[in-house]
Amino acid sequence: MSNETSLGSSTTHEDIVDTLSFFDDWEERYTYIIELGKALPPYPEALKIESHLVRGCQSQVWLHIEVNDDGTLSLYVDSDALIVRGLAAIVLAALNQKTPQQILDFDMQAYFQAIDLLKHISPTRGNGVQSMVERIRHEAQKRLAA
Amino acid sequence: MAFDVDALRTEFPTLGQKPYGKPLVYLDNAATTQKPQVVIDAIERYYREQNSNVHRGAHYLGDVATHAMEEARATVASFLNASREEVIWTKGTTDALNLVAHSLGSHVLSAGDEVLISTLEHHANIVPWQQICTLTGASIKVIPLKTDGTLALEQLENLLTERTKIVAVAHASNALGTINDIAALVQKARQIGAYVVVDGAQAVSHFPVDVKQLDCDFYAFSGHKVFGPTGIGVLYGKRELLEAIPPYQTGGEMIETVSFETSTWNRLPYKFEAGTPHIAGAIGLGAALTWLMQQDRQALWEHESALLAHATEHARAFAGMRIIGDNNSKVGVLSFLIEGTHPSDVGTLLDQQGIAVRTGHHCTMPLMDSLGIPGTVRAAFAPYNTLEDVDALFTGLHKIMNFL
């Protein structure tokens, strides 16, 4: 069962690294990042509730996680900010439809460093992306322990 | 002599930075100001030539450090028109407000009493009062905001009652820039015998503040928002009140005698300065205020007002832009929203162009709730900003609209 997005299946994190390395100005980069946000799986409106909210100082993120029959996780994310949606899509390219072990093994820091977007997931950054990644990893850990 | 912004800029080394290879346009001055070379020099000199613990009187360097720090305290006193016993070193405004909330609050509040704050307060002037109200059984009342971002002070008559013991209000709003009429507020509070605490964090860098003239009971500000270092701030308090209220933190520096049964407190201002103070920070702040007092402050104010007027004019011509807090009594802050865009996206895309602004709720969530908005984009000006900086902001914003 997939959550109707190419992110994490036909669009992989390698694709993202390749594409972003191709651009040399910020305008192209951010046009692409904003475009990526449009590929996010549709987030269920009914689940825009407090328990699914990841707060940031500057923007907020909604996160819903479903466990598939094969043990992989389907990730649903939304945000009120376009660039945060794009960053979430970049995360999903790496973590969506992956097993808990694959999720925990993935080096998010190195990934964001490679695409020169590390500042967006620094712990002090208030956009909620870092907290979202932590929540996904936490969920993966719980699944692994279960 | 006419105000020369280019000459002023050469005193601030950070302004020469080139984020992403672009000239820095630093418009996040309400978060922190840049530091002039004299401040950097004073801190370096302290660590090179004066470093020692203070108030021990044990040796030569100790005396040098003590003298330098107390000289800085005298500078703060002169900056505020206070006396040196009334100037207490804190970590910053937040620390100072926690001190007052705790020490004044525990001294004067009891069940049923009220603390009056305003809608536009920073969390630092809300949460400490909530805490002390929980402990004492007092409650918080709030001065409402008008649509132009000014306080509805005409409602004070109803809000101030015989139960109001403390009024705690910002001199200027960090999120909107609105300057509040503290003198009028003090006058009304006096009539019912309430104490007035002023959060001056966003005021002192913009215009001269005279605590005697304001006649407030407490006044707090941070070093780093007035061209000084981080980690140092000031609480001014009227001497008789500082004598009357209990200490906040306890330990070294602030005691006179200690036995295992009881302790007595050191004299003012040391009674409120537990532990080794931030000596380098205090000296750096002294240098910053000395520097500021040497400037033609009227000229700085006029320059800042010109920057704000220029920005406001741009804003009115910008399709879909809404100024949040649109009034005539402001420090150099332009807070805004652009229809159909999220502040966070605007901030990120300005940053890519070397333009530093702040986005979000600015630690004023109740204010944002009252305005019905999640946050704003805030451009906050300092005297070293130029009209070209303002133009760069709007050129940057126009460029962004192609994306969003």
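Go through the residues of segment A:53-72 one by one and say whether even a single one is of a type outside the set (Asp, Glu), without any contact (Cβ under 8 Å) to a residue 40 or more places away in the chain and surrounded by fewer than 19 Cβ atoms within 10 Å (Cβ to Cβ). Can you show your working first?
Restricting attention to segment A:53-72, the residues satisfying the condition of being of a type outside the set (Asp, Glu) are A:53-65, A:67-68, A:71-72.
Pick out the ones that are also without any contact (Cβ under 8 Å) to a residue 40 or more places away in the chain and you get A:53, A:62, A:64, A:72.
Filter once more, so that each one left must be surrounded by fewer than 19 Cβ atoms within 10 Å (Cβ to Cβ): A:53.
Yes, the conditions are met somewhere in segment A:53-72.
Pairing each residue of segment A:23-39 that is in contact (Cβ under 8 Å) with a residue 24 or more places away in the chain and within 8 Å of chain B (Cβ to nearest Cβ) with any residue that is among the β-branched types (Val, Ile, Thr) and in a helix (DSSP H, G or I), provided the two are 6+ apart or on different chains, yields C-beta distances under 7 Å for A:TYR30/A:ILE83; A:ILE34/A:ILE83. Checked against the criterion of being closer than 30 Å to B:HIS123 by Cα, surrounded by 20 or more Cβ atoms within 10 Å (Cβ to Cβ), within 14 Å of another protein chain (Cβ to nearest Cβ) and under 15 Å from the mean Cα position of the chain (by Cα), the candidates A:VAL77, A:VAL129 yield just one match: A:VAL129. Which one of these does A:SER9 not meet: (1) without any contact (Cβ under 8 Å) to a residue 60 or more places away in the chain; (2) outside any helix (DSSP H, G or I)? Exception for A:SER9: condition (1).
Specify which of the listed residues (B:THR150, B:THR134) is assigned by TED's automatic domain parsing to the domain that holds B:VAL211 and surrounded by fewer than 21 Cβ atoms within 10 Å (Cβ to Cβ).
Details: B:THR150 fails: surrounded by fewer than 21 Cβ atoms within 10 Å (Cβ to Cβ).
Step by step, each of B:THR150, B:THR134 is checked, and only B:THR134 is assigned by TED's automatic domain parsing to the domain that holds B:VAL211 and surrounded by fewer than 21 Cβ atoms within 10 Å (Cβ to Cβ).
If the condition is being within 13 Å of another protein chain (Cβ to nearest Cβ), within 11 Å of the chain's Cα centre (by Cα) and over 11 Å from A:ALA39 (Cα atoms), then segment A:80-97 contributes A:VAL84, A:LEU87.
Taking segment B:358-404 as the range and being within 22 Å of B:ALA203 (Cα to Cα), assigned to a loop (DSSP other than H, G, I, E, B) and within 11 Å of chain A (Cβ to nearest Cβ) as the test, the residues that pass are B:HIS361, B:HIS362, B:CYS363, B:GLY375.
Any idea which of B:SER370, B:SER344, B:SER329 is within 19 Å of the chain's Cα centre (by Cα) and either touching a residue at least 60 places away in the same chain (Cβ under 8 Å) or in the same structural domain as B:HIS314 (by TED's automatic domain parsing) (or both)?
B:SER329
Taking segment B:111-123 on its own, how many of its residues are assigned to a helix (DSSP H, G or I) and surrounded by 24 or more Cβ atoms within 10 Å (Cβ to Cβ)?
Step one: of segment B:111-123, the residues assigned to a helix (DSSP H, G or I) are B:123.
In the following step, the residues that additionally are surrounded by 24 or more Cβ atoms within 10 Å (Cβ to Cβ) were identified as none.
The total comes to 0.
Being closer than 11 Å to B:ALA282 by Cα and either of a type in the set (A, V, I, L, M) or part of a helix (DSSP H, G or I) (or both) is the filter here, so list the residues in segment B:225-238 that pass it. So that I can check it myself, show each step before the final result.
Narrowing segment B:225-238 to residues closer than 11 Å to B:ALA282 by Cα: B:228-234.
Residues satisfying the conditions are B:ILE232, B:VAL234.
For B:ALA380, indicate whether it is surrounded by 15 or more Cβ atoms within 10 Å (Cβ to Cβ), touching a helix residue (DSSP H, G or I) at 6+ places or on another chain (Cβ under 9 Å) and at negative phi.
Values: surrounded by 15 or more Cβ atoms within 10 Å (Cβ to Cβ): yes; touching a helix residue (DSSP H, G or I) at 6+ places or on another chain (Cβ under 9 Å): no; at negative phi: yes.
No, not satisfied.
Looking only at residues in segment B:248-279 that are farther than 17 Å from B:ARG56 by Cβ and outside any loop (DSSP other than H, G, I, E, B), the one that is nearest to the chain's Cα centre (by Cα) is B:PHE272. Looking only at segment B:200-215, residues that are exposed (fewer than 15 other Cβ atoms within 10 Å of the Cβ) and in a helix (DSSP H, G or I) come to 2 in all.
Quick check on my filter: what residues within segment B:164-199 are in a loop (DSSP other than H, G, I, E, B) and surrounded by 21 or more Cβ atoms within 10 Å (Cβ to Cβ)?
Across segment B:164-199, the qualifying residues are B:HIS171, B:SER173, B:ASN174, B:ALA175, B:LEU176, B:GLY177, B:ASN180, B:ALA194.
The values are calculated or read from the model by the stated rules, or taken from the named source; none is laboratory data. All values derive from a computational prediction rather than experimental measurement. Don't worry about glycine lacking a Cβ; one is built from the backbone with ideal geometry, like all the others, and counts go over all protein chains shown.
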